Amino acid sequence: MKFKSSSIDLIITDLSMPNIDGSDFIKMIRNVNNEVPILILSMYIEDVTLHQSINYGIQGYIQKPINQENLKTQIELIKKQLLEKNLIKEYQNITNASAIISKINTNQIITYVNERFCTISGFEKDELIGQYYEMIKFEEESAQFPTTLWNEILAKKEVWRGILKHRTKTGLLYYLQTTIQPILSTHGEVEQFISLSIPITNIIHPEEQLSDYLKQHKESILLLIKIEEFKYLENTFTKKITKKLQNLFAKELLKHMPETCSFSQIYLLNNGEFAFVKQYNKSIDTSHLIDNLKKFQKEVNQKKIKIGIVNYTLSIVSSLAYGRNSLENAKIGLKKILKSKEEFIVATNFMEKVTKESNEKLNKFIMLKEAIDNYNIISYFQPIVNNQTLKITKYESLVRLIDANNNILSPYHFLEIAKEGKYYHTITTMVLQNSFRALDNTDIEISINLSALDIEDERIQSEFCILLEKYKNETQRITVELLEDEKINNKEMIQAFINKIRQCGVKIALDDFGKGFSNFSRIQEYQPNYIKIDGSLIRNIEHDQFSQDLVQTIVFFAKKQNIKTIAEFVENENIFNILKKLGVDYSQGHYFSKAEQLEEFISSN
């Protein structure tokens, strides 16, 4: 047939032909080409043959006799229909090339997928068609999500739009901007769903992608990396350039990551941080992995990496965690490593430790609140003895807490946690009030500990001055022991406070002298009446010549400055005798008495 070998744009045929019936002719054409438009000429519109021909798909007909204008109009109409049909076809081709298309029936079974779907997902068509949609969905936090989605569309019979998360055949996560259209029957019932999706993985923030990966893989190995110099990069370059540098550096990190570590993807997070992650199972040799990652880190830190036209040597630190809660553990590890100035840390189970510490802190906060509410912040007093007369010359006021079980707790159990919250000020206020009230029950001196944190609090200063005014006739019996403290933020305020209370007759003692941050410049600054030699020197003085020599030096200097010395932690007679021989003026420790309530000492005298 000539039709098979020629390019025909339009067929115009009469139904009445000598050798073949018109409808049979059209049937033959349609068996060869279902697209070519056909225009029928017919004398009788009601002709049975005409109706049969229409069933085969014709584009128009003209009743004889032929009118040239009608013929021209029909041809123009067919041309318009062809153009529209070609546009629709082109749109379908474009959609198929750029979008993921699928059909799902009301039982949530996949009935159709296009090639793009297969390319993105990694599945073959025969692996998807006939399977439940469940096999490709991301394991959402709610296991009921798919059923809820389809039921919602079934009930409303409306188009659904949103973001769906799918997983590839290899388990990787990808994101789709999806429109789901319910297809209705002639009776208005949903017969199936058509889903059209656009991949948007590249515009989803990597941190969200990482979070979703970890939801899907409950146990994972995660390496969290940070550029140590990132803050300098931020200050040096614009945000746009810094972002570009991070993207380039991420590619370099991925390139240098050993294949033996089996990390195939890197996530660029915020603030110069990067994450490698993979699924964890107990068969993995973590020791071997750690060794390889340390070598990788060393190589990165030693290698100049070309970013654009510039060679950079960027230093990285790494936190590794595996098992559950790997991201949370790695983040805690990264904080620790940045403080410790180490390079590599294994942070597995750090979150568990932090949670345990947080629970312990919470219990301590509750204990503190109950003790404050029930006035169970009390003062114990420890005697300070004159080494020559062996008489008690003053008491040091020491804070104690009575817990719900009537246990007496030392500051070790609650004072540091109090500094993290709102209770420290209250505790110091209660100790000041307890200590000044003790002046009414004894005629000797009372020593009160104050830290830089206390003195820098204007409320504490105000409370102290109010008490000085209330006990203005007894202020010469008050000694303020300035605790050794590295965190002094306002030296001028502290100096002004010391000068003020000294004018009221209050004496000054330097506590914990001889350790940590204490030095002779503090003596020059504060002009103390007493130096309390730290217990770390006194404990070992029996067997440590260095401690003896250092105590002797402190005593010699103090006598030159007319400053009295007090030794803490005097635990036995031998220590006391050594201190007395070295010229120490006063002793405090269990050799004489442990701390007790003041009534205990009064009743024993």
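The values are calculated or read from the model by the stated rules, or taken from the named source; none is laboratory data. Being a predicted model, the structure only gives us computed values, none of them experimental. No Cβ is skipped: glycine too gets one built from the backbone with ideal geometry, and neighbour counts run over all protein chains shown.
Would you point out the residue of region 293-315, among those that are surrounded by 16 or more Cβ atoms within 10 Å (Cβ to Cβ) and modelled with pLDDT of 90 or more, that is nearest to residue 221 (Cα to Cα)?
Applying the filter and picking the extreme gives 293.
Please count how many residues of region 33-56 are at pLDDT 65 or above and small (Gly, Ala, Ser).
Number of matching residues: 1.
How about region 479-508: which of its residues are over 19 Å from residue 452 (Cβ atoms) and touching a helix residue (DSSP H, G or I) at 6+ places or on another chain (Cβ under 8 Å)?
504, 505
Inside region 239-341, counting only strands (runs of 3 or more DSSP E) that do not spill past its ends, which hold 1 or more residues that are touching a residue at least 40 places away in the same chain (Cβ under 8 Å) and touching a helix residue (DSSP H, G or I) at 6+ places or on another chain (Cβ under 6 Å)?
266-268, 273-279, 305-307, 316-323
Need the failing condition index for residue 584 against (1) more than 30 Å from residue 461 (Cβ to Cβ); (2) part of a helix (DSSP H, G or I), just the number.
Result: residue 584 fails condition (2) only.
Provide a single number: the residues in region 182-201 that are under 16 Å from residue 164 (Cβ atoms) and either of a type in the set (S, T, N, Q) or not in a strand (DSSP E or B) (or both).
Here the count works out to 4.
Each row is one residue, and each column tells you yes or no for (1) surrounded by fewer than 18 Cβ atoms within 10 Å (Cβ to Cβ); (2) within 46 Å of the chain's Cα centre (by Cα); (3) among the small types (Gly, Ala, Ser).
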site	(1), (2), (3)
511	no, yes, no
522	yes, yes, no
527	yes, no, no
541	no, no, no
548	no, no, no
554	no, no, no
562	yes, no, no
596	yes, no, no
600	yes, no, no
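Looking at region 10-32, which of the residues that are at pLDDT below 75 and in a loop (DSSP other than H, G, I, E, B) is nearest to residue 58 (Cα to Cα)?
15
Does residue 417 satisfy the condition of being within 19 Å of residue 508 (Cα to Cα) and crowded, with 18+ Cβ neighbours inside 10 Å?
It is false that residue 417 is within 19 Å of residue 508 (Cα to Cα) and crowded, with 18+ Cβ neighbours inside 10 Å.
Could you please find all residues in region 456-515 being hydroxyl-bearing (Ser, Thr, Tyr) and either outside the structural domain of residue 415 (by TED's automatic domain parsing) or closer than 15 Å to residue 435 by Cβ (or both)?
Within region 456-515, 471, 475, 479 meet the criteria.
Conditions tested, residue by residue: (1) farther than 19 Å from residue 507 by Cβ; (2) of a type in the set (Ser, Thr, Tyr); (3) touching a Pro at 6+ places or on another chain (Cβ under 9 Å).
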site: 453; (1), (2), (3): yes, no, no
site: 459; (1), (2), (3): yes, no, no
site: 465; (1), (2), (3): no, no, no
site: 470; (1), (2), (3): no, no, no
site: 473; (1), (2), (3): no, no, no
site: 476; (1), (2), (3): no, no, no
site: 482; (1), (2), (3): no, no, yes
site: 489; (1), (2), (3): yes, no, no
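Condition test on residue 211, is it out of contact with any strand residue (DSSP E or B) (no Cβ under 8 Å at 6 or more places or on another chain) and in contact (Cβ under 8 Å) with a residue 40 or more places away in the chain?
yes
Conditions tested, residue by residue: (1) under 29 Å from residue 227 (Cβ atoms); (2) loosely packed, with under 15 Cβ neighbours inside 10 Å; (3) not small (Gly, Ala, Ser).
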residue: 340; (1), (2), (3): yes, yes, no
residue: 350; (1), (2), (3): yes, no, yes
residue: 353; (1), (2), (3): yes, yes, yes
residue: 359; (1), (2), (3): no, yes, yes
residue: 367; (1), (2), (3): no, no, yes
residue: 371; (1), (2), (3): no, no, no
